[in-house]
Amino acid sequence: MAKFKVVVTDHVFPSREVETRLLVEGLGADVVFCPNAEETTLAQAVRDADAVLVTYARISGRVIDAMQKARIIARYGVGVDNIDLEAAARRGLWVTNVPDYCVEEVSDHALALILALARKVVFLDRRVRQGQWDYRDLTPIPRLAGKTLGLVGFGRIARATGRKARAFGMRILAYDPYVKEVAEEEAQLVGLPELLAASDFVSIHVPLLAETRHFIGANELAMMKPTACIVNTSRGGIIDEAALAEALREGRLAGAALDVVEQEPIPLDHPLIGQPNCILTPHVAFYSEESTIELQEKACRQVVKALTG
Ligand code: NAD
């Protein structure tokens with residue numbers, strides 16, 4: 001009988017090679033894949049598990065209470081908002097994340113969305129396919145160099161986004177109450193109202209916490225210039241989407257690009273779906289061949305360490 005049982009709740013990666021190499025061959029663990037994220041099924045599957053690896057499935061207090069011998073819940077990803085942390089702490093369980101596997105990918109994606117908004121790439125592509133080989137009726141396309149990018153949150157991904165945006169000649173402002181000092185050439189730290197009022201592009205990079213839910217609501221959107229655009233590659237729920245849709249519809253904001261939304265997948269009757277000045281991608285910013293392998297390796301190594309260290 002295998003010494004350990006590891007439950008992988010929802011596996012979204014193209015290959016299981018990493019789990020096989022590190023957990024099965026390396027640790028001698030019995031790895032059980034449980035793609036059904038329904039609470040009762042999960043609670044049953046994790047009962048005798050030593051470790052649980054999870055991507056998006058909700059690990060509720062009930063699922064955690066069902067664990068009789070687990071030592072670790074390892075998240076394949078950055079945010080741990082799908083895990084009941086209080087319940088895990090009560091049970092003395094380790095909860096780990098992988099904070100740094102996709103900094104390049106998400107900052108590339110934020111830049112791609114900024115460029116797509118600035119150069120109206122998606123909008124123009126749609127028009128060309130409808131037989132419109134023209135651009136003269138568009139509102140002026142801004143020159144990116146010299147424009148201001150406001151970064152809300154100034155952690156790893158925001159810093160990488162800022163570094164890449166500086167290469168395009170953008171000026172960088174940042175708001176992050178937990179960051180006290182920033183090198184002058186990197187960004188200028190300002191208050192949120194100042195950032196919103198001065199930026200041509202606002203890019204969101206804060207985690208989803210109780211204090212950041214609907215952090216950007218009607219009041220904050222009203223502080224932005226009508227020519228400005230907003231980009232969110234962090235978490236849905238940080239922007240109030242009803243307020244955003246209204247601001248876009250009424251021309252109080254020039255554009256938005258969201259990789260993350262409050263309800264994923266976004267319902268097709270969502271007010272943002274009908275907005276031509278809104279670009280949507282399916283929570284893909286983290287994704288590349290290299291980042292997924294790095295993510296799997298780092299999450300599995302945490303499990304190995306918790307069970308053997
Ligand atoms: P990080 O922890 O390095 O940075 C987050 C920053 O937000 C920190 O500097 C923190 O001080 C700041 N912050 C916290 N509360 C704040 C507040 N109320 N106001 C302003 N700033 C605040 O995280 P990161 O690696 O840069 O990732 C940022 C977010 O991106 C993550 O929380 C995650 O949700 C998201 N993400 C999304 C994808 C994707 O595929 N779309 C992939 C990875 C990460």
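At a glance:
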| item | result |
| --- | --- |
| Estimated [θ] at 222 nm from DSSP helical runs (n ≥ 4, -39500 (n - 2.57)) normalised by residues in the chain, nearest 500 | -9000 deg cm²/dmol |
| Calculated P(r) tail over 35 Å for the chain, as whole % of Cα pairs | 29 percent |
| Histogram of C-alpha separations across the range 182-309, 10 Å bin width, % | 12, 36, 29, 16, 7, 1 |
| Percentage, to the nearest whole number, of Cα pairs in the range 13-62 over 16 Å apart | 44 percent |
| Evaluated over the range 188-262, the Cα radius of gyration and Dmax, each in Å | 11.3, 31 |
| Debye, to nearest 20: dipole size of the range 83-238, +1 on Lys, Arg Cβ, -1 on Asp, Glu Cβ | 480 debye |
| The range 230-275: proportion of alpha-carbon pairs further apart than 15 angstrom, % | 36 percent |
| The chain, dipole about Cα centre (Lys/Arg Cβ +1, Asp/Glu Cβ -1), debye to the nearest 20 | 300 debye |
| Three semi-axes of the equivalent ellipsoid, the range 118-179, Cα gyration tensor, whole Å, largest first | 32, 12, 9 |
| When the convex hull of its Cα atoms is projected in every direction, mean area for the range 1-113 (nm²) | 7.8 nm² |
| Among 23, 244, 133 - extreme Cα towards positive end, dipole of the chain, charges at beta-carbon | 133 |
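No lab work stands behind these numbers, since they all come straight from the coordinates. These figures come from a predicted structure and were not determined experimentally. Cβ: placed from backbone, ideal geometry, glycine included. Neighbour counts: every protein chain shown.
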